[in-house]
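Engineer: Got a structure for you, questions after.
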Amino acid sequence: MTVHAAKGLEFPIVFVVNMGRGTGGFRAPIRVTDDAGGEASVAIADYQSEADEDVSAREREESKRLLYVALTRARDRLYLSATVKDGVCRMGKGSLGEVLPAAIRARFVAATADRASEAPPPRLERAAVAAVPVDDFGPLA
């Protein structure tokens, strides 16, 4: 279910997954925008105009609102997940994770460090797995 569809609902357990995946893409090389006063603003390449800053601020505020909705849908338990690669949790532009406090983002990294110190689960040898007969059509016990 999307965050938008969950507005007004409540669930015992909520999983907010892929928090680092953003919606923001690359900016167009030439951007023309109108402000409320009817004045046009042109920005080229990496130049950040005031209109670009306003759009960026509005997108960030919308991400905060969506994050609030997502986090407050949980009644009993809330699980957050993000990708940590090489000890860094990167949050994409426009992602819910981008507006998380730095202390919470650091918890994702700390959780992977805790898991790295654990022994990996034992793997079954291929021959051992093949030796177990499987009867998918038999009666249930």
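The values are calculated or read from the model by the stated rules, or taken from the named source; none is laboratory data. Treat the numbers as computed from the prediction; the structure is a model and nothing was measured. Positions of Cβ are backbone-derived with ideal geometry, glycine not excepted, and every protein chain shown enters the neighbour counts. These area figures cover heavy atoms from the full protein model, side chains too; ligands, DNA and RNA do not enter into them. Shrake-Rupley method; radii C 1.70, N 1.55, O 1.52, S 1.80 Å.
Engineer: Quick one: which of 3-15, 62-74, 90-102 comes out on top by average Cβ neighbours within 10 Å, and what's the full order, highest first?
Structural biologist: 90-102, 62-74, 3-15
Engineer: Where Lys and Arg each count +1 and Asp and Glu each count -1, what net charge lies around residue 15 among other residues with Cβ under 11 Å from its Cβ?
Structural biologist: +2
Engineer: Assuming 0.36 nm per residue, please report the length gained on full extension of the stretch residue 112 to residue 53 beyond their Cα-Cα distance.
Structural biologist: 17.8 nm
Engineer: In addition: Heavy atoms only, 1.4 Å probe, whole protein assembly: order 2, 33 by accessible area, highest first.
Structural biologist: Descending order: 2, 33.
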